[in-house]
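Participant: Let me give you the structure first, and then I'll get to my questions.
The values are calculated or read from the model by the stated rules, or taken from the named source; none is laboratory data. It should be emphasised that the depicted structure is a prediction, and the values quoted were computed from it without experimental measurement. All Cβ positions, even for glycine, are placed from backbone atoms using ideal geometry, and neighbour counts span all protein chains on display.
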Amino acid sequence: MASLIEAIEIKRKMFFEFENAPYHCLEVEVSKPTARGGQTLVRLKMRNLLTRAVFDKTFKAGEKFGEPDLVKVPATFLYADSDGYHFMDQASFETLTLSAEMTGEDRFLLVDNVEIQVHKYNGNPISLQFPPLVEMTIAYTEPAVRGDTSSGSVTKAATTNTGMEIRVPLFIKEGEKVKVHTETREFAGRA
């Protein structure tokens, strides 16, 4: 039997099982009682890895959760088609397929041969975990116009080769490779 995790032990970015589904903790807030006999409460912002729904829930500090049967598999993005997004398992070299609903907004971070972690729950691929930064090519951006900085904006809109909209500094031109933060979806520098 898997070990149990108490609510007070759950930290940000941890995985746990609640109501027979795997969850990923996004934020934790612990409120300690001010009066005697009060209970310590743990408020979690959590994402259901199966439905991708995000919500807040408050638990008592002593409530216990199981560890999910979650396996991280190193994989490389291959291609996308009408069936979904296809990845190659780096250990077994089998092809893993995730539907468009499972990848969600993460599909904009999928560039050729990017190495990621595919989460498998009970043997089935359910979600992706990206490295902190992904290299992308700027497909379209307006040229910088003299005087743009006087309005206070030192960034401009740009579209990457995957179709993601980001803000980049004025000196970035079409065709340049840039690094993008996978968590915040923001420009992180030239590649």
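Participant: Being touching a residue at least 12 places away in the same chain (Cβ under 8 Å), of a type in the set (S, T, N, Q) and in contact with a Gly (Cβ under 6 Å, 6 or more places away or on another chain) narrows it down to one residue among T76, T58, T97, T103; which is it?
Facilitator: T97
Participant: Just name the residue that is surrounded by the fewest Cβ atoms within 10 Å (Cβ to Cβ) out of those in the stretch 10-60 that are within 22 Å of K120 (Cβ to Cβ) and among the small types (G, A, S).
Facilitator: Going through the stretch 10-60, the residues within 22 Å of K120 (Cβ to Cβ) turn out to be 10, 13-26, 46-54.
From the residues that got through so far, the ones that are among the small types (G, A, S) too are 21, 53.
Values: A21: 13, A53: 11.
Checked the stretch 10-60; the qualifying residue surrounded by the fewest Cβ atoms within 10 Å (Cβ to Cβ) is A53.
Participant: Would you confirm whether or not the stretch 79-94 contains a residue that is surrounded by 15 or more Cβ atoms within 10 Å (Cβ to Cβ), of a type outside the set (G, A, S), assigned by TED's automatic domain parsing to the domain that holds E9 and within 27 Å of G163 (Cα to Cα)?
Facilitator: no
Participant: Would you kindly identify the strands (runs of 3 or more DSSP E) lying entirely within the stretch 1-72 that contain at least 1 residues that are in contact with a Pro (Cβ under 6 Å, 6 or more places away or on another chain)?
Facilitator: Hits in the stretch 1-72: 15-18, 21-31.
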